[in-house]
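One structure is given here, and the rest of the page talks about it.
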Amino acid sequence: DFEVHRNWLSLTSSLPMSRWYVDVQSPWTLDYPPLFAWFERALSVFAPCFDARMLERDALDYASPPTVLFQRLTVMGADIVLYAGAFSLL
């Protein structure tokens with residue numbers, strides 16, 4: 001999953017939206033609903049603050065320590081938002 005999400009960050013940050021679902025350069029095509037694609041696009045805005053190389057299209061299997069940290073922090077942040085939303089419904 002790590003490389004898939006790194007690729008989706010790269011894809012959504014470097015291609016026009018019209019090519020997000022039809023790109024054939026990578027073995028991992030974007031196959032989630034559009035809202036998730038826009039979420040990946042939003043995350044890609046902050047990715048260069050950690051390591052801009054993770055957004056390069058040809059950086060397959062790229063996993064620098066800053067990239068791993070970014071991925072982990074974005075998962076934790078998204079989980080916090082999800083839990084806060086769920087608890088607000090109680």
Original post:
If you check every pair at least six apart or on different chains, which have Cβ atoms under 8 Å apart with a residue in region 10-33 that is in contact (Cβ under 8 Å) with a residue 24 or more places away in the chain first and a residue that is of a type in the set (K, R) second?
Top reply: S10/R57; L11/R57; T12/R41; S13/R41; S14/R57; Q25/R57; S26/R57
Subject >> Count of residues meeting criterion [among the small types (G, A, S) and either farther than 20 Å from P16 by Cα or touching a Gly at 6+ places or on another chain (Cβ under 8 Å) (or both)] in region 40-63 >> reply: 1
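Considering only region 11-65, state which residues are aliphatic (A, V, I, L, M) and either open to solvent by 90 Å² or more (accessible area, probe 1.4 Å) or part of a helix (DSSP H, G or I) (or both).
Here is the first cut: in region 11-65, the residues aliphatic (A, V, I, L, M) are 11, 15, 17, 22, 24, 30, 35, 37, 42-43, 45, 47, 52, 54-55, 59-60, 63.
Of everything in region 11-65, those that are aliphatic (A, V, I, L, M) and either open to solvent by 90 Å² or more (accessible area, probe 1.4 Å) or part of a helix (DSSP H, G or I) (or both) turn out to be L11, M17, V22, V24, L35, A37, A42, L43, V45, A52, M54, L55.
The values are calculated or read from the model by the stated rules, or taken from the named source; none is laboratory data. What you see is a predicted model; the values in this text were computed from it and never measured. When we count neighbours, we look across all protein chains shown, and the Cβ atoms used for this are built from the backbone with ideal geometry, even at glycine. Calculation scope for accessible area: heavy atoms of the full protein, side chains included, ligands and nucleic acids excluded. Shrake-Rupley method; radii C 1.70, N 1.55, O 1.52, S 1.80 Å.
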